[in-house]
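What follows is a single structure, written as structure tokens, with notes after it.
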Amino acid sequence: MSYQGFMSRDSMEERDLYDIKNEAAEFYRLNRVPEQIERALNELFFHKPEDVHGYLANHFTNLCAPPRISRLKGREVYDARGQLAIEAEVFCIVCNKEKSMSSAAISSHFGPKETSLDWKATCQERADHVITAAQWINEPLNNMLKGQNPCDQSDVDHILSNFFMARYLEEKDIQNKKKEEESRSPSETDVVLSSPLSAQTKDKKSVDKGKKSNTAEKSFPPAEPPEPVLPGSLAIGSVSLAVAKTGAKTQGIPLYKYVAALKKTEVPTQFHIPVSLVTLMSCGKTSPGKLSLLEEVILIPQAGQRVKQIVTMTLELQKEMMRIVNASTKTGSKGKYEIASGVLKSPDELVDLYRTLIGKYPVVVALIDPFRREDIDQWEKLSSAIGNSCSLLSDITYKSKASPLPGVRGHILKHIHETTISDLICVTSEHQGSVLMGTTYSEPCSDDSLSDIAVGLGLDYVKLGGLRSAETMTKFNRLISIEEELAQQGILVSEEKHPPPLFTKKPQQQSATAESAPSDTAC
């Protein structure tokens, strides 16, 4: 190679290197890299930490771009009762790497069934819900939330709620079309009923019915149709909770502080622990000393007691109650309220029974859903009869948009199905101080988020269940941990609770806001 050729190639390499240096300098200038390195080195020299590289790593980690949701993963899992459930997992890009941030699973509406046929049908229905929920999470919701900031809980929940409403309207349209098609093509049964013989038979039955109507008891309103549960709705609540846990982890704060900040736009300077309403005994066909009238016997501790004290006291009371129940069963004393089967009571007779029960046992300070929602007159009569000696509570999980019930002082809210974190914040703002978090059915025993949510929402009471199952004990342990943490930080306060009834607000004040919907994120 000639000398000129060698010099030409050398000059080209120098120009390329010069151009690369200029591009690098411009890149560093635009991203302010020299300034950040200089600041890090100055702070490093000033603090002189033992772990030099760890200090630098933490310094630059704080300058990283905020995490963004990279993908969602929905998987089928088994809950603490061995039943199929859905779990949502959130992945984010953190420091240029994808990282699993959190996962969550919430309760479904499926409770235990009595017969094997019902059990099989429920298992299949549950499987359909879980499979649909997994499809929602892994496909449409995954695409819709990709790139979202997990700390923008309101925006995420808005997307989730809009998606659910679109699916709900689609399903409603399908069901309406099916009804129209069925009405256009009458079945063979319809044709038979329109024959002269059938018409005569029907007329005779109408006459007979008319004759008996004079002596028949007053009919009570028919039951309202059950609230439909859209298959896949579990995906909405699970993803919302998983994103909230991710946001809390991203900001490096506990979930209860994160939820409190979402509700009040900033982390409060003081917290209180909700009073735990503990299930002493679950009543039903499988429990000793069957009490068909009662669903649960619940302990309401005095104000100011620590969670550990409540747990210890409850365990002692449970042992004593079981001793009494077992002893009465062995001696032949049935001690049963056969109201549901065997002895039938009209709604008016049930009012008298409740009034007698409350009058004889002043320790009964609250009744949860003592009547069907349709028996408005009986709600009114019972409320007038018991006055302020007992609180009436109603489950608004499914019936939040229904008309307010007379005399209701408190409402039970459960985090299930399509309920988002924003929904919980909204409804507890409307019913501040009178909302209970209900015991749930389909949760993994390791999920203790319910305790954090109750503290973060600032509830006065929380119902975690009894002390006989792993999932509820996990929640009680978490509540104890939160209480100890707040006490150590000096930000734990004790709210003075009034003596029974639980809620001292007038029923009219409570019922005025009872029509707000948990699924309405407008507030």
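Remarks
- By average C-beta atoms within 10 angstrom, highest first, the peptides 242-252, 148-158, 51-61, 92-102: 242-252, 148-158, 92-102, 51-61
- For the cross-link pairs 73/463; 308/475; 48/249; 99/146; 245/414, the ones whose C-alpha atoms lie over 20 Å apart are 73/463; 48/249.
- Cβ-derived FRET efficiency at R0 41 Å, residue 489 paired with residue 46, nearest 0.05: 0.90
- Backbone amide hydrogens, once placed in the peptide plane, bring residue 280 within less than 5 Å of 297, 298, 299, excluding anything fewer than 5 places away on its chain.
- Mean separation of Cα contacts under 8 Å (6+ apart) over length of the range 28-170, as relative contact order %: 22 percent
- Taking θ as phi - 60° and the Karplus parameters 6.51, -1.76 and 1.60, the scalar couplings of the range 454-463 work out to 4, 5, x, 6, x, 6, 7, 9, 9, 10 Hz in sequence order, x denoting glycine and proline.
- For residue 151, net neighbour charge (Lys/Arg +1, Asp/Glu -1) across residues whose Cβ lies under 15 Å away: +1
- The peptide list 75-82, 383-390, put in order of mean Cβ contacts within 10 Å with the highest first, becomes 383-390, 75-82.
- Gain upon complete extension [residue 131, residue 178; 0.36 nm per residue less C-alpha separation]: 14.6 nm
- Net charge of neighbours whose Cβ lies under 14 Å from the Cβ of residue 26, counting Lys and Arg as +1 and Asp and Glu as -1: +1
- Sorting 17-23, 477-483 by average packing, meaning the other beta carbons within 10 Å per residue, from highest down gives 477-483, 17-23.
- Taking each residue as 0.36 nm, the span from residue 122 to residue 61 lengthens on full extension beyond its C-alpha to C-alpha distance by 17.1 nm.
- A simple spin-label model places pseudo-atoms 7 Å from Cα toward Cβ; at residue 24 and residue 363 they are separated by 8.0 nm.
- Charge context of residue 93, other residues only, Cβ under 13 angstrom, K/R +1, D/E -1: +4
Read-outs: derived from the displayed coordinates by stated rules, not from any lab. Just so we're clear, the structure is a prediction, and the values are computed from it rather than from any experiment. All Cβ positions, glycine included, derive from the backbone under ideal geometry; neighbour counts span all protein chains shown.
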